Amino acid sequence: MTNTPLKVIVTRRLPEPVETRMRELFDVELNETDEKMDADTLADAISRADILVPTLGDTVDQKMLAHAGDNLRLIANYGAGFDHIDVQTALQRGIMVSNTPGVLTDDTADMTMAMILAVPRRLREGTMLMQQGDWQGWSPTALMGHRIGGKRLGILGMGRIGQAVAARAKAFGLQVHYHNRRRLHLDTEAALEATYWESLDQMLARVDILSIHCPHTPGTFHLLNARRLKLMKPSAFIINTARGEIVDENALTRMLRAGELAGAGLDVFEHGNDINPRLKGLDNVLLLPHMGSATVEGRIEMGEKVIINIKTFADGHRPPDQVVPSML
Ligand code: DGY
């Protein structure tokens, strides 16, 4: 590597300490306005950068990668999920990709647990009543929700976040069930008191709450399609803090409206911030603006990971969080 500072282009605003450190270390171009880059602006950035730091919402697909200059060698994604990046094409062009796993596990699991509590206990309806000034005082039958202790929680995707949710759920007295591409090591399974289901369909039919934690890949797109959603009990709840594309949002909306599912807590949506209006109108859904990992601490740690990935790469080594083909 030469001593010329690397041209690093960051597509969105990052927490202040992260931007300050980047300014000290690199020839960095920051996005002061925090406006999402349109395709032309992103193409220009990708053509000029040695290292691009994109994030969720920046589509770095095959078409975009065709704009990459010869100098682009690393895409250091700010985020754990990399479904917005065509990693295969990047690798073919000799461009490494890295992400920021691990540091947002606990925050996302906490937010998931908050939804697992909030949806069956009808917190949205309760806060609406208070904010609209409609509360008439305590009554024995008002806003009765469902106890979560003793219920069956199904976890779809038992990676870092799935396991962190399982540990929390166990403390709340939920029975943990899971479906994953690979069964966990038996010691881990025993520690989490988790029951493995090889068949997702069979697990879906038996759980009271389903929480989604698998990545979005071509193989998991609409994994929860209308057929699978129909396998669930009408009394069941769905929580999604992973990716919206895993669930057929229209089918889910139809079933929630028809009372074929009891409720949903959604932090992610199939079409980004373009949310099905019928979903927004439902009392039995809690919708959040993709804030599962939104803590000051977590977002700074994500930035620190990006910096370590870039520095390690600049020193001539593989970034510690390199995305490799076996992860795709
Ligand atoms: C990620 O990093 O992929 C998360 O979805 C952000 O919360």
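Laboratory data are not the source of any read-out in this text; all were calculated from the coordinates shown. Since we're looking at a predicted model, the values are computed, not measured. Virtual Cβ from ideal backbone geometry, glycine too; neighbours counted across all protein chains shown.
Between E32 and R278, the simple label model (points 7 Å from Cα in the Cβ direction) yields a spacing of 4.7 nm. Contact order for the chain, expressed relative to its length and based on alpha carbon pairs under 8 Å spaced 6+ residues apart, stands at 17 percent.
Would you please state which residues of region 288-305 a label at D315 would reach in this model, taking the label point 7 Å out along Cα→Cβ and a backbone N cut-off of under 12 Å? Answer for region 288-305: none.
Report, to the nearest 10°, how far helix 296-314 tilts away from the longest principal axis of the Cα atoms in the chain, using its own Cα long axis and a range of 0 to 90°. Around 30 degrees separate the two axes. Taking amide H positions as modeled 1.01 Å from N, with prolines and chain starts lacking one, the residues under 5 Å from K7 and 5 or more places away or on another chain are D50, I51. Restricting region 1-101 to GluC sites (Glu not before Pro) that sit in a DSSP loop and have at most 10 other Cβ atoms within 10 Å of their own Cβ leaves E32. In angstrom, the C-alpha Rg and Dmax of region 105-287 are 16.1, 52.
Excluding M232 itself, what net charge comes from residues whose Cβ is under 14 Å from its Cβ, given Lys and Arg +1 and Asp and Glu -1?
Working: positive: K151, R152, R206, R227, R228, K230, K233, R254; negative: D201, D208, D248, E260.
Summing Lys/Arg as +1 and Asp/Glu as -1 gives +4.
How many percent of the alpha carbon pairs in region 1-99 exceed a separation of 16 Å? Walk me through the intermediate numbers first.
Working: 2513 of 4851 pairs.
Pairs farther apart than 16 Å: 52 percent.
Return Y78, Y178, Y196 ranked ascending by Cβ neighbour count within 10 Å, so the fewest neighbours appear first. Write out the running numbers ahead of the final one.
Numbers: Y78 22, Y178 26, Y196 15.
Ranking Y78, Y178, Y196 by Cβ neighbours within 10 Å, fewest first, gives Y196, Y78, Y178.
Translational diffusion coefficient of region 64-133 at 25 °C, 0.890 mPa s, Stokes-Einstein with Kirkwood Rh over Cα pairs, in µm²/s as a whole number.
Values: Rh = 15.6 Å.
Taking Rh from Cα pairs, D becomes 158 µm²/s.
Taking each residue as 0.36 nm, the span from R93 to K63 lengthens on full extension beyond its C-alpha to C-alpha distance by 9.5 nm.
I want to verify a result. In a Gaussian network model of the chain, Cα cutoff 10 Å, which of these has the top mean-square fluctuation: D283, D44, D274? Checking each option, the largest mean-square fluctuation is seen for D274. Binning every alpha carbon pair distance of the chain at 10 Å from zero, what are the percents per bin? Distribution as computed: 6, 24, 30, 22, 14, 4, 1, 0 percent. Mean residue ellipticity, 222 nm, helices only, the chain: the sum of -39500 (n - 2.57) across DSSP H runs of n ≥ 4, divided by residue count and rounded to 500, is -10000 deg cm²/dmol.
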